Amino acid sequence: MTDKPKDWVFTDPRLIELKQDYAAYTEEDFKVWRILFERQMPNLPKAASQAYLEGVEKVRFTADRIANFEELNEILETQTGWKVQVVPGLIDDDLFFGLLNNKRFPSSTWLRKMEQLDYLEEPDMFHDAFAHMPLLVNQHYVDFLENLSGIALKHIQNPWAIQLLSRIYWFTIEFGLIRENGKLKVYGAGILSSAGETKFSLSDEPKHFPYDVRQIMSTEYWKDRFQDKYWVIDSYEQLFESLPEIEEVLEEMLANKTQDARQ
């Protein structure tokens with residue numbers, strides 16, 4: 001992996017000819033998007049990070065129109081140099097981190113069905129677009145994504161390293177909270193796309209911790225229920241500036257695991 005050129009993903013056969021076919025969206029698709037948008041958006045002015053709310057306006061998401069990636073890419077490229085890359089669904093770690101390291105956010109184009117409004121095992125396009133993409137206009141946020149992925153690619157052959165870095169991704173990009181003007185706000189996409197977890201994450205029920213790289217990398221997560229703990233950043237600059245510590249703690253934890261295996 002480290003011997004490949006940085007832009008190898010652009011010729012990867014797993015991505016050839018994958019595009020959003022906007023004309024193929026059905027009446028049900030537009031209905032699902034509207035229901036999900038109108039169910040969640042009213043919760044967010046008081047719950048979501050200001051950067052996310054500003055991002056929603058910049059990317060021009062509305063209830064009556066499914067996100068159009070061609071139009072979105074023009075906006076993102078102007079704002080931060082990023083684009084959306086259509087993927088077939090869940091993808092391998094090398095391609096996932098490779099895309100992010102090349103300023104391409106991977107997204108599916110399919111939308112859940114009406115009977116799947118409340119739960120999906122695999123993230124759909126509403127999650128990928130509504131929850132993730134508004135923050136792609138925030139420079140510190142995308143710089144963190146790009147460079148975290150660069151660290152992952154250095155260790156892509158080591159499953160333990162990828163697991164540790166996935167914990168950072170999970171408890172920040174997917175399930176992170178931020179403190180703004182003394183109040184807890186949501187920026188994690190896994191929370192932003194869930195009305196239930198938005199309310200839960202900001203309540204007194206779960207535990208809230210200050211952002212701590214070592215603590216996060218030592219904590220397992222689950223995908224089938226609400227998290228019971230969340231880490232709170234003070235700013236997106238803090239995320240970006242934590243990258244050297246992430247790399248340092250990662251190397252230390254890898255070395256400790258190797259040493260334990262030898263004993």
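The values are calculated or read from the model by the stated rules, or taken from the named source; none is laboratory data. Not measured: the values here are computed from a predicted model. Virtual Cβ from ideal backbone geometry, glycine too; neighbours counted across all protein chains shown.
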Can you give me the number of residues within the stretch 228-263 that are modelled with pLDDT under 95 and of a type in the set (S, T, N, Q)? 4
Is it fair to say TYR221 is in contact with a Phe, Trp or Tyr (Cβ under 7 Å, 6 or more places away or on another chain), among the hydroxyl-bearing types (Ser, Thr, Tyr) and buried (at least 18 other Cβ atoms within 10 Å of the Cβ)? no
Looking only at the stretch 3-39, count every residue that is free of Cβ contacts under 8 Å to residues at least 60 places away in the same chain and among the acidic types (Asp, Glu) and tell me the total. 4
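Residue by residue, here is whether (1) under 13 Å from the mean Cα position of the chain (by Cα); (2) surrounded by fewer than 20 Cβ atoms within 10 Å (Cβ to Cβ) holds:
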residue: HIS127; (1), (2): yes, no
residue: PRO134; (1), (2): yes, no
residue: GLN139; (1), (2): no, yes
residue: VAL142; (1), (2): yes, no
residue: LEU148; (1), (2): yes, no
residue: HIS155; (1), (2): no, no
residue: ALA161; (1), (2): no, yes
Leading residue by the ranking (farthest from PHE96 (Cα to Cα)) among those in the stretch 108-117 that are outside any helix (DSSP H, G or I) and free of Cβ contacts under 8 Å to residues at least 40 places away in the same chain: TRP110
With the requirement that a residue be touching a strand residue (DSSP E or B) at 6+ places or on another chain (Cβ under 9 Å) and under 23 Å from GLY182 (Cα atoms), what does the stretch 213-237 give you? GLN215, ILE216, ASP228, LYS229, TYR230, TRP231, VAL232, ILE233, ASP234, SER235, TYR236
Output for the stretch 147-160, where each listed residue is within 19 Å of LYS6 (Cβ to Cβ) and in a helix (DSSP H, G or I): ASN147, LEU148, SER149, GLY150, ILE151, ALA152, LEU153, LYS154
Over the stretch 199-212, the set of residues in contact with a strand residue (DSSP E or B) (Cβ under 6 Å, 6 or more places away or on another chain) and either surrounded by 20 or more Cβ atoms within 10 Å (Cβ to Cβ) or among the hydrophobic types (A, V, I, L, M, F, W, C) (or both) is SER201, LEU202, PHE209, TYR211
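One line per residue, one yes/no per condition, for (1) at pLDDT 95 or above; (2) surrounded by fewer than 18 Cβ atoms within 10 Å (Cβ to Cβ); (3) of a type in the set (D, E, K, R):
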residue	(1), (2), (3)
THR2	no, yes, no
VAL9	no, no, no
ASN43	no, yes, no
TYR52	yes, no, no
